[in-house]
Structures are given as C-alpha cells and as structure tokens.
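Please read the structure below before turning to the comments.
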Amino acid sequence: MLLSVLVFAMSLLSAPTSDPPEVQVAQGRLTGRTADGVASFRNIPYAAPPVGPLRWRPPQPVEPWTGVRAADRPGAICIQPPANGDPGVGSLPMSEDCLTLNVWNPAGAERLPVMVWIHGGGYNNGSGTAELYDGTNLARRGVVVVTINYRLGRLGFFDHPALAAERAADTPAGNYGVMDQVAALEWVRDNIAAFGGDPGRVTIFGESAGGAAVTQLMVAPAAQGLFHAAIVQSGLGRQRSALLSEDRPGRPSAQSLGLQFARSAGLPEATADQLRALPAERLLTPMPAFYSDNLIVDGQVVPEDVVEAFAAARQAPVPLIIGTNSAEFWWIRPTDAGAYGRLDDALTDAEHAALLQAYGGPDGYDAHIVSDLVFNEPARHLARLHRRAGHAPWLYRFDVVAASNPEPSGGATHASERPYVFDNLHTVGRPMQARDQAAATLMADYWTGLAKTGAPGADPGPLWPTSDDDRLLEFTNDGPRVIQMPHADRLDLIEAYYARIRP
C-alpha cells in the first residue's frame, strides 16, 4: 500500500504542469512546449522541401498536414561545411529539407511586435536552430521571436546555363537563399497572429551575412511591406555583387562560377538533371566564398547593389539600427585578406601614405584597415544615406570584451555581440561577469525597444540619438555612452577612396 502511494505521489510530481501549447496555422495544427512562461514552437516548415526537382527553384508552398504536428524539437540545419566551432550553427543532422523556422512567444501574447532573426555564417554556415539564438530571453521582454533557416552555399546561391535554359525568362533565379528569407517573412505575415504576434510590426535583424541579408531585403521588391524596422549587425554595405549571367572585369557572373564548379565536379557539359542529381555534400567542395560567390544581383529578387539602392533612396523607409564591433577582423591583414582585402590593392601611393599616417603607422594600418573597409565605413555610409533619404538611422559600436576572452584582439571581435543581443551569455562557454550581464540586458532592451516603439530605448540606459551628426551609442565594459564616430579621419579617407574607384 505504501509503495502504491509513493508511486502515485511521484507521478504527480513528474507530470507536466499544463498541456503543451497548440496553435493553428494555415498549413495545420502545431504543438510546442512551454518553459518559464515562454512557449516555443520549432521546426515549422514555411516552404516545401527544396529537394529533387525543387533544387534551385524558388521556394514552393507547404503541403497542409492532417492531425497535430509536433513542433517541440529543432529541425535539421541546412547543408553546410563543418562549422569550425561557431556557436551560431545548430546541432546535426543537416539536410536539404531544412526550410523551417522557430517561434518563441510569451504567455498571453496578443498583438505583440515580432522580431525575425536572420543568421550569419557567410551564406555558407549557420542555422536558426542554434542555442545561441534561443529567443526565450527576448520574448520575455514582450516580443514574439522568429529564427529561420535558409538555403546556403551553392544550394542557396548558384546558377548555371543549363538551369537558365529550362526556366521561363521571368522566373527569379540565383538568390534562392534570399527568396527563402522572403518566403519566411510571408509566412510570418500570414501566420504570426496565431502566436500572438502583430504582422504589422515586424523587425528583421541579422549579423554578418545575416546583416547583409537585412540590407538586401531592404532593397528587395518582394520584401517590401513584410517588415517595419531593421537591425544590421556587422552587415558590410559596400559590397559589389556578381551579376546572374553577365561577366564583368575581375568578377565572373553566377553562371560562369556555376560552369567552373560543374567542370570541377566532372560535368563539363552538365544538364540540369545531372546537376540536381549531384549529392548535396559534393556542392560543398570547393566551398564558395561569401564576398565573391554568394552575393548576386539577379535583377528581380535583388535588383541592384545595396549601396546603389540606398544612394538612390530606393531602400525600405523603415527605422534602422546599424553598427559594428570595435575589432571586427582584427586577425586579418591586408596581405592575407583574400576577397576581403582586394579593395586595398587599388589604393594609390598617396592614398596609402595618408592612411598610414591616419592609422599611426604600418601596425595600426594592418590591424584595422580591413575592418574599416569592410564594416566600419560602410555602416556609417549606409546610415548617412538612410538619413539623407529622410529615414531614422541609429549607429552603434560594440566594444564589450569579457575578462575571460582569450583573444589578443584589442577589442570586440566579429560576431562577439550575438550572445549579448539575445541575452544568452550562458552559451559563450566561458565565465562572464556582472558587467557582461549588464551589457546584455541593455542591448536586448534597446533591440526590443526598436521593435516595440520604432526607436531603440532602454531603462536605465542613455537616450540613443539618431545619427544626425555621426553620433552613435558605444557599448563598453563600463556601460553605454553616446560619442562621435571614432576614427572619423580614417573613415573619411576610405570614403574618398570608395568615391574614386566607384563614382
């Protein structure tokens, strides 16, 4: 009798405190899970699996399902090479069947603003399933959080004459990963109200390639009206993309790159069927380079380079946070920067001498020129263009460095702001201090503040002014402060250099 009572008591202790949350979306019913007052729904398909005949085609609608679909575990990450320890990559398995998203919503959510995260990884790596991007701590601030997967590498950014020959002239091509991002935003528009989100208040935010994706979506006609604010974290800005089929000096087209790859795969006269029959893993070798292989102006999805669209005021007229870290590519030198350093090769002797002086000599130049060329000056330039078009930009600089950081970076390295933005310092894997948590709390508050009100705000943080005179908010170990853009003399020289080579 006593044993039976104990077993019954234990069953009561281990039973769930509430039924799993359920929602009805357009494609069917979903069940998720709840923890600490936040519901999560994972592995939700927003487009049909892009496999077989759907490889290298625009995303297609999801087939409705019957019954209740379990959405309580992460889905597969998209096909990609090894992650080299990047915490922005989720756990295996990986698959071409990966067009899924994840949603976090606080209890009682009703018409809350929505934040859609677009992960980085050079358009070759990453996933929305990584623990780093768990949306729980942002959702607790009163927003609905969405993270997405999208096609990567040659599955997401690729073309070949054989593929062109089989499609209608008006069918978009090449930028399949960007098309996936648009499809995910369309899914949010159509379904997020079921999770308590407001489809009329959607903020897109992303880092590195994800930040570049945000700017591409800002100039993509198909994405207009699908979001209402944007955040760009270390998202480049001056990049020149390959055209779909037209080669240009020093820059082969997407189709020329596709021909080169097919030859390396033993298919010099490849047909579309042969390309689609290649094992997905074969498409990883050699790995495409983000800066030269994965950025495509296709004329439809991405009709022009981002900087040209911003200069002509053709970007989305939305509030914009944009910024960089204080030591982005501190480990890359101009002599070994590969595609990132090619711009440096075009400097005149006079430009090089002026920059050496501005950087205080060769050591400072080598340590910072690539970061300034690729990230810092382009962020300032896009902010200025956005302001000139009559829209509100807020600039930031992230300079928080944990005491446990083992890198001799001299500042905050590329991607190090991500756990602070998501208030997920537990994913760093090293001891973090109270000052780190204070920075994470404020960054997450500022970011969600933009989503809630259209302007970044945090209490007790300082008022973050728009960048009317290149002022910015700098996040430091001692807290945030409003300052003028640091090292403006360097950036002015780089701006003049860009104006010369790309009038």
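The values are calculated or read from the model by the stated rules, or taken from the named source; none is laboratory data. Just so you know, these numbers come straight off a predicted model, no measurement behind them. Here Cβ is always computed from backbone atoms with ideal geometry, including for glycine, and neighbour counts include all displayed protein chains.
Annotations for the structure displayed:
- Counted residues, segment 207-251 - those being within 27 Å of Val146 (Cα to Cα), among the small types (Gly, Ala, Ser) and in contact with a strand residue (DSSP E or B) (Cβ under 6 Å, 6 or more places away or on another chain): 6
This table checks each residue for (1) β-branched (Val, Ile, Thr); (2) buried (at least 22 other Cβ atoms within 10 Å of the Cβ); (3) on the phi < 0 side of the Ramachandran plot.
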site	(1), (2), (3)
Gln255	no, yes, yes
Arg263	no, no, yes
Leu267	no, no, yes
Gln274	no, no, yes
Ala277	no, no, yes
Ala280	no, no, yes
Asp293	no, yes, yes
Thr324	yes, yes, yes
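- Which listed residue, of Tyr359, Tyr420, Tyr365, Tyr396, is more than 23 Å from His487 (Cα to Cα) and not acidic (Asp, Glu): Tyr420
- Entry remark, segment 433-478: residues being in contact with a helix residue (DSSP H, G or I) (Cβ under 8 Å, 6 or more places away or on another chain) and without any contact (Cβ under 8 Å) to a residue 24 or more places away in the chain number 6 in total.
- Search result, residues across segment 301-322 that are crowded, with 23+ Cβ neighbours inside 10 Å and in contact with a strand residue (DSSP E or B) (Cβ under 6 Å, 6 or more places away or on another chain): Val301, Val302, Leu320, Ile321, Ile322
- Selection within segment 292-316 - under 19 Å from Ser208 (Cα atoms), free of Cβ contacts under 8 Å to residues at least 60 places away in the same chain and not polar (S, T, N, Q): Val297
- Within segment 25-74, the residues that satisfy the criterion of being charged (D, E, K, R), more than 30 Å from Phe158 (Cα to Cα) and surrounded by 14 or more Cβ atoms within 10 Å (Cβ to Cβ) are Arg29, Arg33, Arg69, Asp72.
- Taking segment 134-212 and the helices (runs of 4 or more DSSP H) fully enclosed by it, the elements with 3 or more residues that are surrounded by 19 or more Cβ atoms within 10 Å (Cβ to Cβ) and not hydrophobic (A, V, I, L, M, F, W, C) are at 153-156, 176-191.
- Residues of segment 38-77 satisfying the condition of being closer than 28 Å to Arg430 by Cβ and either hydrophobic (A, V, I, L, M, F, W, C) or not in a strand (DSSP E or B) (or both): Val38, Arg73, Pro74, Ile77
- All helices (runs of 4 or more DSSP H) inside segment 251-321 with 2 or more residues being under 21 Å from Tyr123 (Cα atoms) and small (Gly, Ala, Ser): 254-264
- The lone criterion from (1) at negative phi; (2) surrounded by 20 or more Cβ atoms within 10 Å (Cβ to Cβ) left unmet by Gly237 is number (1).
- Which listed residue, of Arg69, Arg73, Arg29, is under 26 Å from the mean Cα position of the chain (by Cα) and over 21 Å from Leu278 (Cα atoms): Arg73
- The residue pairs whose first member lies in segment 185-199 and is over 16 Å from Gln24 (Cβ atoms), whose second member is assigned to a helix (DSSP H, G or I), and whose beta carbons are closer than 7 Å, counting only pairs six or more residues apart or on different chains, are Leu185/Ala223.
- Selection of segment 322-371 for residues being in a helix (DSSP H, G or I), small (Gly, Ala, Ser), modelled with pLDDT of 85 or more and more than 17 Å from Ala209 (Cα to Cα) yields Ala350, Ala353, Ala354, Ala358, Gly364, Ala367.
- Selection of first residues in segment 479-503 that are of a type in the set (Phe, Trp, Tyr) and of second residues that are outside any helix (DSSP H, G or I) and surrounded by 14 or more Cβ atoms within 10 Å (Cβ to Cβ), restricted to Cβ pairs under 8 Å at least 6 apart or on distinct chains, gives the following pairs, ordered by first then second residue: Tyr497/Leu347; Tyr498/Arg238.
- Any hit, segment 407-419, residues being more than 30 Å from Arg140 (Cα to Cα), more than 18 Å from the chain's Cα centre (by Cα) and among the acidic types (Asp, Glu): yes
- Considering segment 77-94, the residues that are hydrophobic (A, V, I, L, M, F, W, C) and free of Cβ contacts under 8 Å to residues at least 24 places away in the same chain include one that is surrounded by the fewest Cβ atoms within 10 Å (Cβ to Cβ), namely Leu92.
- For segment 221-234, a residue qualifies if it is of a type in the set (A, V, I, L, M) and either assigned to a helix (DSSP H, G or I) or buried (at least 24 other Cβ atoms within 10 Å of the Cβ) (or both), and the qualifying residues are Ala222, Ala223, Ala229, Ala230, Ile231, Val232.
- Qualifying residue in segment 492-499 (condition: of a type in the set (Ser, Thr, Tyr) and either closer than 20 Å to Thr413 by Cβ or touching a Lys or Arg at 6+ places or on another chain (Cβ under 9 Å) (or both)): yes
- Residue in segment 282-297 that is within 25 Å of the chain's Cα centre (by Cα) and among the acidic types (Asp, Glu) present: yes
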